[in-house]
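In what follows, a single structure is set out as structure tokens and then discussed.
The values are calculated or read from the model by the stated rules, or taken from the named source; none is laboratory data. This is a predicted model, so every value here is computed, not measured. Note: ideal-geometry Cβ built from the backbone for every residue, glycine included; neighbour counts use all protein chains shown. Only protein heavy atoms, including side chains, enter the accessible area calculation; ligands, DNA and RNA are left aside. Shrake-Rupley method; radii C 1.70, N 1.55, O 1.52, S 1.80 Å.
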Amino acid sequence: MSKPYIIAEIASAHEGRPELALKIAKDVVSAGADAVKFQVFNRDQLLTKTNPYFDEFGEIEITSKKWNYILEQISIENIDIIIEPYDLDSCHLAAQSGYVQGYKIPAANMGDTGLLKAAVKTGKPLYLGVGGAEWKEIEQAVSLFKGIDFTLMCGFQNFPTSLEDSKLYQIRQLKEALGCAVGYADHVDAKDKEMTRLLPALAVALGATVIEKHITDDSSRKGRDHYSALNPEEFKDFVRLMRSLPNIFGE
């Protein structure tokens with residue numbers, strides 16, 4: 001068994017502040033994760049002005065210029081950068097930066113054929129969130145992934161996700177039916193210290209080759225993304241456990 005590829009998800013833990021995004025990203029580097037992931041969006045393309053979350057999303061939106069600065073700073077570190085774009089402009093921004101090693105398409109955008117094709121066109125590894133998707137939706141999306149490296153990511157965020165909604169059986173189901181790599185995006189309650197470790201380990205045992213885990217600078221401040229996020233030292237311990245799994249399972 002090879003070591004799982006570990007993606008540290010920053011999501012909105014940066015609170016719209018580039019300096020905080022950089023701080024957390026450097027904590028990810030120190031923890032030894034394989035990749036750091038940022039969610040990038042254009043609020044005006046993502047939400048209508050009548051949406052109740054319109055103002056809140058404006059508070060955490062980062063401009064294109066500042067994203068370029070963040071990506072440039074992180075690019076000098078020994079870590080992959082993965083972007084999760086929610087619209088075409090954000091995908092193009094990431095592609096034009098030249099600093100991105102992979103893309104994740106959220107399950108909510110699975111029907112956005114234009115976004116899927118734009119991500120495929122980059123030629124970079126692609127991760128597709130499939131939590132909550134119907135089988136026919138997954139098959140339609142996968143049909144577009146010709147000639148690229150892609151991984152289907154089970155799991156979804158429910159602030160936090162309950163244990164009964166984890167549904168790890170989907171890992172084997174997808175691998176056997178579609179013959180592709182499958183990963184798991186873990187969103188278990190960060191306060192459940194045992195499950196923050198056990199659940200991802202079980203996912204790896206079931207065949208997940210990629211594990212995505214949220215990280216924040218300080219969960220005690222209860223920021224926008226604290227529900228399933230680990231603190232830096234906790235994340236470092238988490239990475240150490242994930243790295244030890246091949247030795248535990250053996251050959």
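Would you mind finding the one in GLU84, GLU72 that is in contact with an Asp or Glu (Cβ under 9 Å, 6 or more places away or on another chain), closer than 15 Å to SER97 by Cβ and among the acidic types (Asp, Glu)?
The unique qualifying residue is GLU84.
How many residues are of a type outside the set (Ser, Thr, Tyr) and over 20 Å from LEU88 (Cβ atoms) when one looks only at segment 50-59?
Residues in segment 50-59 being of a type outside the set (Ser, Thr, Tyr) and over 20 Å from LEU88 (Cβ atoms): 4 in total.
Got at least one residue in segment 33-47 being at pLDDT 95 or above, under 21 Å from the mean Cα position of the chain (by Cα), closer than 25 Å to LYS3 by Cβ and assigned to a loop (DSSP other than H, G, I, E, B)?
Within segment 33-47 (the criterion being at pLDDT 95 or above, under 21 Å from the mean Cα position of the chain (by Cα), closer than 25 Å to LYS3 by Cβ and assigned to a loop (DSSP other than H, G, I, E, B)), the answer is yes, since at least one residue qualifies.
Quick check, is TYR86 touching a Pro at 6+ places or on another chain (Cβ under 9 Å), open to solvent by 10 Å² or more (accessible area, probe 1.4 Å), aromatic (Phe, Trp, Tyr) and over 19 Å from HIS214 (Cβ atoms)?
The answer is no for TYR86.
The conditions are (1) touching a residue at least 40 places away in the same chain (Cβ under 8 Å); (2) touching a helix residue (DSSP H, G or I) at 6+ places or on another chain (Cβ under 7 Å), and GLN101 fails exactly one of them. Which is it?
(2)
Restricting attention to segment 196-241, and to residues there that are open to solvent by 20 Å² or more (accessible area, probe 1.4 Å), polar (S, T, N, Q) and assigned to a helix (DSSP H, G or I), which single residue is nearest to TYR127 (Cα to Cα)?
Among those that are open to solvent by 20 Å² or more (accessible area, probe 1.4 Å), polar (S, T, N, Q) and assigned to a helix (DSSP H, G or I), it is SER219.
Only one residue in LEU144, LEU116, LEU152, LEU163 is of a type in the set (A, V, I, L, M), in contact with a Ser or Thr (Cβ under 9 Å, 6 or more places away or on another chain) and in contact (Cβ under 8 Å) with a residue 24 or more places away in the chain, so which one is that?
LEU144
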